[in-house]
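Here the structure comes first, spelled out in structure tokens, and everything after it is commentary.
The values are calculated or read from the model by the stated rules, or taken from the named source; none is laboratory data. Keep in mind it's a predicted model, so treat the numbers as computed, not measured. Don't worry about glycine lacking a Cβ; one is built from the backbone with ideal geometry, like all the others, and counts go over all protein chains shown.
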């Protein structure tokens with residue numbers, strides 16, 4: 001864990017040097033093993049080609065390279081592919097070919113990010129393949145065209161039901177969160193629920209709360225997911241399928257992070273020597289006269305460190321990677337509390 005005064009010391013050091021201080025993972029740092037004590041995902045062994053597959057029942061399969069996931073649904077009318085990560089690439093085709101001779105007919109984009117749909121073009125070379133996504137995803141891809149992420153044939157605003165022969169997929173847009181158009185994918189018959197870059201079973205979220213563009217929406221999505229009746233959860237990352245417990249555990253982690261960051265902002269309105277704005281600001285300005293960015297940068301880092309340290313007391317080593325991305329989670333939550341939820345502490349209107 002980081003020391004509460006490390007940021008202040010760093011900025012004071014910077015005042016007289018040209019060096020950089022970084023509160024993140026370092027090249028030579030040693031981290032906890034990437035396997036926490038709250039592992040809830042299934043392990044999927046990889047074959048010699050570098051991919052593994054999990055049979056989820058009733059024509060549903062998950063393909064993975066150990067880092068990314070593709071969801072495949074075999075139907076009497078054709079194959080449905082949800083996401084085509086480039087790291088799995090042509091292995092998606094090979095895996096499907098080992099399951100069926102029925103062609104791929106639909107490709108669903110969970111959202112627009114290239115690391116999840118950057119191999120979609122491998123399937124859309126066939127003009128019979130139909131691409132489907134939320135309308136915001138279509139807007140984003142029109143704004144930044146990419147031949148590896150072809151345009152959408154079908155878009156929807158709130159929800160869409162894909163009936164593919166004997167299979168049904170329900171697509172629902174819960175609102176902006178991780179991305180502008182990230183959707184929930186639900187296979188009703190199999191009770192399989194998928195939302196990519198939302199929950200990371202057995203792991204903490206990717207940095208800055210999965211790079212969420214709207215943190216309140218990303219937080220709310222945990223409850224929206226748990227409103228579904230599902231047995232299997234696919235998060236798009238890190239190995240195999242999981243279950244409801246994965247969503248519940250991450251919701252608890254995020255709620256603790258929220259509470260701890262809220263408390264850190266409130267504490268910064270006191271005369272606490274580590275985070276009190278009235279205490280640390282004069283120290284920074286002594287060596288950075290008139291530099292309000294240095295003043296406020298140190299303040300934000302100090303309260304983020306406090307939130308991270310308190311959160312780590314409970315969660316360090318449990319979901320994997322908390323020691324790597326936990327500080328960035330605190331930074332993202334602090335900023336969201338301030339900007340989105342009007343939790344401004346000593347920088348708000350005072351009595």
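When restricted to residues that are part of a strand (DSSP E or B), free of Cβ contacts under 8 Å to residues at least 40 places away in the same chain and under 17 Å from residue 236 (Cα atoms), the stretch 65-99 contains 2. With the structure loaded, tell me whether residue 146 is crowded, with 17+ Cβ neighbours inside 10 Å and assigned to a loop (DSSP other than H, G, I, E, B) or whether it fails that test. Against the criterion (crowded, with 17+ Cβ neighbours inside 10 Å and assigned to a loop (DSSP other than H, G, I, E, B)), residue 146 does not qualify.
Please go through (1) at pLDDT 95 or above; (2) outside any helix (DSSP H, G or I); (3) under 16 Å from residue 257 (Cα atoms) for residue 342 and return the number of the only condition it doesn't satisfy. Evaluating residue 342 over (1) at pLDDT 95 or above; (2) outside any helix (DSSP H, G or I); (3) under 16 Å from residue 257 (Cα atoms) leaves (3) as the failure. Selection within the stretch 227-272: residues that are free of Cβ contacts under 8 Å to residues at least 40 places away in the same chain and over 22 Å from residue 333 (Cα atoms). The member of this set that is farthest from the chain's Cα centre (by Cα) is 271.
Among the candidates 299, 327, 308, single out the residue that is farther than 30 Å from residue 238 by Cα and not in a loop (DSSP other than H, G, I, E, B). Explain how you work it out, then say what you get.
Details: 327 fails: farther than 30 Å from residue 238 by Cα; 308 fails: farther than 30 Å from residue 238 by Cα.
Every option except 299 fails the conditions.
Of the residues making up the stretch 100-115, just one is farther than 20 Å from residue 233 by Cβ and part of a helix (DSSP H, G or I), namely 114.
Give the stretch 158-179 a look and list any residue that's surrounded by 14 or more Cβ atoms within 10 Å (Cβ to Cβ) and part of a loop (DSSP other than H, G, I, E, B), or say none. Residues satisfying the conditions are 165, 173, 174, 175, 176, 177, 178, 179. Checked against (1) surrounded by fewer than 15 Cβ atoms within 10 Å (Cβ to Cβ); (2) under 27 Å from the mean Cα position of the chain (by Cα), residue 319 passes all but condition (1).
Determine whether residue 204 is closer than 30 Å to residue 165 by Cα and buried (at least 19 other Cβ atoms within 10 Å of the Cβ). No: the conditions fail for residue 204. Flag: residue 152 matches the condition of being without any contact (Cβ under 8 Å) to a residue 60 or more places away in the chain, in the same structural domain as residue 88 (by TED's automatic domain parsing) and touching a helix residue (DSSP H, G or I) at 6+ places or on another chain (Cβ under 6 Å).
Does residue 123 satisfy being touching a residue at least 60 places away in the same chain (Cβ under 8 Å) and either surrounded by 15 or more Cβ atoms within 10 Å (Cβ to Cβ) or in a loop (DSSP other than H, G, I, E, B) (or both)?
no
For residue 211, state whether it is under 15 Å from the mean Cα position of the chain (by Cα), in the same structural domain as residue 69 (by TED's automatic domain parsing), at positive phi and surrounded by fewer than 22 Cβ atoms within 10 Å (Cβ to Cβ).
Numbers: under 15 Å from the mean Cα position of the chain (by Cα): yes; in the same structural domain as residue 69 (by TED's automatic domain parsing): yes; at positive phi: yes; surrounded by fewer than 22 Cβ atoms within 10 Å (Cβ to Cβ): yes.
For residue 211, the condition - under 15 Å from the mean Cα position of the chain (by Cα), in the same structural domain as residue 69 (by TED's automatic domain parsing), at positive phi and surrounded by fewer than 22 Cβ atoms within 10 Å (Cβ to Cβ) - is met.
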